[in-house]
Amino acid sequence: MRPAPIVTVARYLLLDRVTYLVLPWAWAAFGFVLDVVVLQLTPAGDTDKRWVGGLAAVFLVVLVLGVQSVARALPFALTLGISRRTYFLGASSLALALAASFGLVVAVGQSVERATGGWGMNMAYFRLPYLLDGTWYQSWLTATTTFLLLFVYGMWYGLIYRRAGLLGTAFFGAAQLGALALAAIVATWLHGWTDIGHYFTTVTAIGITGVLAAVVAVLLAGGLVTIRRLTV
């Protein structure tokens, strides 16, 4: 029995297992060791949690994976007769599976982290304030959604690069930075930074996850439209 086309796309991408399965957690291990060294060399202070940022490397790697899944792997897939829609759905399905697995690793890491008193030094490596510091299932959902968002966002950048080249991609990025700058200016004019800060310090992790999931839905819809008339 032949596998479904979407499964075939996922298997095609996983031919590069090192990139998709090993590289993110190789960076995670490097960041963990680096954070341990830094904490050993710095005073502990009076807080019960010593927040570190090494886990961010995994999220950045996932973003890059999303870019290369289109910019690098798509052209050859199309020469094999795979349709653009099937490829996008297959890559998105793989992204969801990877995100769920990565999110589970984060949730398990948090459980071990709490059980060991932050690895014996109050280190919060798998935890982030307000975002990844709840129950295991809340952290799993939030981490999964965040990983998926970054992968799909990276895919969209890869699609823009394939359609518009480097210059078009630069304009695409600049437009987003411009929109963020405009939003910051409006928030400043309206004196809204206090309200924004209050929202992010009072909203639950599930609420934030819902917002992230809505962004993922928008990115998936936009990516599917972008890939339809893509020429490589």
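A straight chain from Phe76 to Leu34 at 0.36 nm per residue would run longer than the Cα-Cα distance by 11.3 nm. Within the chain, the selection of entire DSSP H helices by a Cα span of 20 Å or greater along the long axis and an average Kyte-Doolittle value of at least 0.0 returns 23-41, 56-71, 84-115, 136-189, 205-227. Sorting Tyr130, Tyr87, Tyr153 by the number of Cβ atoms found within 10 Å of their own Cβ, with the fewest placed first, yields Tyr130, Tyr153, Tyr87. Between Trp51 and Val225, the contour length at 0.36 nm per residue exceeds the alpha carbon distance by 58.6 nm. In plain terms, the residue of Leu60, Leu65 with the fewest other Cβ atoms within 10 Å comes first and the most crowded comes last, giving Leu60, Leu65.
Residue separation times 0.36 nm, minus the C-alpha to C-alpha distance between Leu167 and Tyr137: what's the value?
Additional length available on full extension: 6.6 nm.
Go ahead and collect, in residue order, the members of the range 173-189 whose backbone nitrogen is under 15 Å from a label point 7 Å along the Cα-Cβ direction of Asp195. Only 183-189 pass the distance filter. Footprinting exposure proxy ranking of Arg127, Arg11, fewest other C-beta atoms within 10 angstrom first, gives Arg11, Arg127.
The numbers here are math on the coordinates, done by the rules we state, and not lab data. It should be emphasised that the depicted structure is a prediction, and the values quoted were computed from it without experimental measurement. Note: ideal-geometry Cβ built from the backbone for every residue, glycine included; neighbour counts use all protein chains shown.
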